[in-house]
Amino acid sequence: DTGVSQDPRHKITKRGQNVTFRCDPISEHNRLYWYRQTLGQGPEFLTYFQNEAQLEKSRLLSDRFSAERPKGSFSTLEIQRTEQGDSAMYLCASSATTGRANYGYTFGSGTRLTVV
Amino acid sequence: GIQVEQSPPDLILQEGANSTLRCNFSDSVNNLQWFHQNPWGQLINLFYIPSGTKQNGRLSATTVATERYSLLYISSSQTTDSGVYFCAVGGGTASKLTFGTGTRLQVTL
């Protein structure tokens, strides 16, 4: 168990460019979550998957954001036509839903996005 | 949506002191977790505690679901306990979480 891995750790992009982030969850976890955190705030929910199915997407998420988990393993989060307001830490977490008494999240180290 | 309030917002302790952090939430929940975000930004899960009491070393937590609050106790604090403590709640056992604004703890020598 190597934990939740996120790549890249940092991304600087120009306004208007597209970016894609990757998350590799703990292998036996079937749920994967994306959150966004800005300075001084708690993480804010974006979307989550159970296996390959996207179960919920935040209403705060614009159409420029899309996430996939094609084979129920790793996930990608893409932001199209980035804006300065997209600058934040993007966090991925995973958890189990069956066979365990503890459904606690394990978070990755995050991808810090800066849009210039 | 559900509201989560944490208190105090900031706390400064001397090493060795004890503290209690509080989390109030506005609706019934089936999922409550406490996290520690260290100064490098990593979020560490401390407890999954939708009800009852748990202990892990110097940390313990109690959730009284019927009264919609949870408490995190830190005993004999150490400088490595510094960071931000978040309470997060959700409606389902493995659901999305709504985070509070956190308690920023600084432990000094």
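All of the numbers you see were taken from the coordinates with simple rules; none came from a lab. Keep in mind it's a predicted model, so treat the numbers as computed, not measured. Neighbour counts run over all protein chains shown; Cβ positions are idealised from the backbone, glycine included.
Tabulated data for the structure shown
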item: Order by protection proxy (mean Cβ within 10 Å, highest first), peptides B:84-92, A:24-32; result: B:84-92, A:24-32
item: Cut-off under 5 Å, modelled amide H: who pairs with A:Ser109 long-range; result: A:Gln6
item: Table column - 3J(HN,Hα) (Hz), the stretch B:76-82, Karplus curve with 6.51, -1.76, 1.60, x for Gly and Pro; result: 6, 4, 10, 4, 6, 7, 4
item: Shielding score for B:97-106, defined as the mean number of other chain Cβ atoms within 10 Å; result: 3
item: Shielding score for B:36-46, defined as the mean number of other chain Cβ atoms within 10 Å; result: 4
item: Estimated D of chain A in µm² per second, where Rh is the Kirkwood radius over Cα pairs and Stokes-Einstein applies at 10 °C, 1.306 mPa s; result: 111 µm²/s
item: Spatially proximal aspartates and glutamates relative to A:Lys71 (Cα-Cα < 20 Å; intrachain offsets below 8 disregarded); result: A:Asp1, A:Asp7, A:Asp24, A:Glu28, A:Glu52, A:Glu56
item: For the protein assembly as shown, with +1 on Lys and Arg beta carbons and -1 on Asp and Glu, the positive-most of B:Thr20, B:Leu59, B:Ser82 along the dipole; result: B:Ser82
item: Where a label projected 7 Å from the Cα of A:Gln84 along Cα→Cβ would reach, residues of the stretch A:7-44 with amide N under 13 Å; result: A:15-16
item: Long-range HN-HN contacts of A:Thr114 with modeled amide H, under 5 Å; result: A:Lys11, A:Ile12, A:Thr13
item: Hydrodynamic radius (Kirkwood) for the protein assembly as shown, which is based on Cα pairs only, to one decimal in Å; result: 18.0 Å
item: Relative contact order for chain A, counting Cα pairs under 8 Å that sit 6 or more residues apart, in percent; result: 36 percent
item: Vicinal HN-Hα couplings computed from phi for the stretch B:57-73 (Karplus, 6.51 cos²θ - 1.76 cosθ + 1.60; Hz; Gly/Pro x); result: x, 7, 9, 9, 9, 9, 10, 10, 5, 5, 9, 6, 8, 9, 10, 10, 9
